1. Please state which one of 54, 74 is farther than 25 Å from residue 287 by Cα and either under 31 Å from the mean Cα position of the chain (by Cα) or assigned to a helix (DSSP H, G or I) (or both).
2. Do the conditions hold for residue 154, that is, is it within 16 Å of the ligand (Cβ to nearest atom), surrounded by fewer than 19 Cβ atoms within 10 Å (Cβ to Cβ), at pLDDT 85 or above and assigned by TED's automatic domain parsing to the domain that holds residue 250?
3. If residue 249 satisfies all but one of (1) away from the ligand (no atom under 16 Å from the Cβ); (2) part of a loop (DSSP other than H, G, I, E, B), what's the number of the condition it fails?
4. If residue 196 satisfies all but one of (1) more than 26 Å from the chain's Cα centre (by Cα); (2) modelled with pLDDT of 90 or more; (3) more than 18 Å from residue 108 (Cβ to Cβ); (4) more than 10 Å from the ligand (Cβ to nearest atom), what's the number of the condition it fails?
5. So, in segment 199-230, how many residues would count as being modelled with pLDDT of 90 or more and either in a loop (DSSP other than H, G, I, E, B) or within 9 Å of the ligand (Cβ to nearest atom) (or both)?
Ligand code: SF4
């Protein structure tokens, strides 16, 4: 096999990333390894035709690779290549991400909260997370939507706001669903609220999810107290359960914000043959990468870089821009799997 010969002749056992290409030049798979040569040769030993490696080799006719200073650098490069090239066979990484759930606030005139698995698509929604335990998060999100009167119907449900002008006359207003009737939704589909009234509730949801506002919890607590004063104990008990779910969600967000904040430091990674690198990580994302400083001049320019990366204020929020989710997941899983690596980190404050 020609590809095997290319690998045998040229590949070294050091960290790097590799690409498998189809005859027309399409990158069908991107991978990384601590030992590129060993990893690539293992593809040619796949025992079963249904093995992933064997399937990739059936599609690929050429292979190329580049070395990276370390395994960590290989992971980052692989992630960036996959995001840029979206190779067909790179489902494994997506599967990793599917362990996690995110709360998504959709776009549009009447946004809704929903729980999605895995890293999001580039559709401009706002994501909060990642969380483990999609089901419990789903229950908490339902309570939050109910408490604030946000819709939870299909994204293509047509909306008709009370103040929505329509040149061709108002559409036939069908009755809202049961959620509007039981006052769990403001009813933006039946003209029961204005655009602003709905937007205000969406802002409250965002503020709650970002840890800036306890309004929904206070509201439920007030309702619970009134129900109990009226001796409606069954209703009070059900409100208490809702309250607990929202409090649990708030705590989870607290822990998440802490985790994101914890992933802020300078990280030195030993590199192949002394090619050490320094990564400037802020809020779970690599903001800059430079060769580890060796001279006082290097250190001076590092100080400037550190200032520019860490000084601009950033809001402490649990929302994660879509394009940052994969990197946040990668970094948290790297330090979880290699806790000793935290010894190679130091605070950016005293660089
Ligand atoms: S009342 Fe209308 S907007 Fe609200 S959840 Fe039901 S269908 Fe959706």
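1. Values: 74 fails: farther than 25 Å from residue 287 by Cα.
That would be 54, the only listed residue that is farther than 25 Å from residue 287 by Cα and either under 31 Å from the mean Cα position of the chain (by Cα) or assigned to a helix (DSSP H, G or I) (or both).
2. Values: within 16 Å of the ligand (Cβ to nearest atom): yes; surrounded by fewer than 19 Cβ atoms within 10 Å (Cβ to Cβ): yes; at pLDDT 85 or above: yes; assigned by TED's automatic domain parsing to the domain that holds residue 250: yes.
In short, yes.
3. It fails just one condition, (2).
4. Single failed check for residue 196: (3).
5. Selection size over segment 199-230: 1.
The values are calculated or read from the model by the stated rules, or taken from the named source; none is laboratory data. Predicted model, so just to flag it, every value in this text is computed and none were measured. Note: ideal-geometry Cβ built from the backbone for every residue, glycine included; neighbour counts use all protein chains shown.
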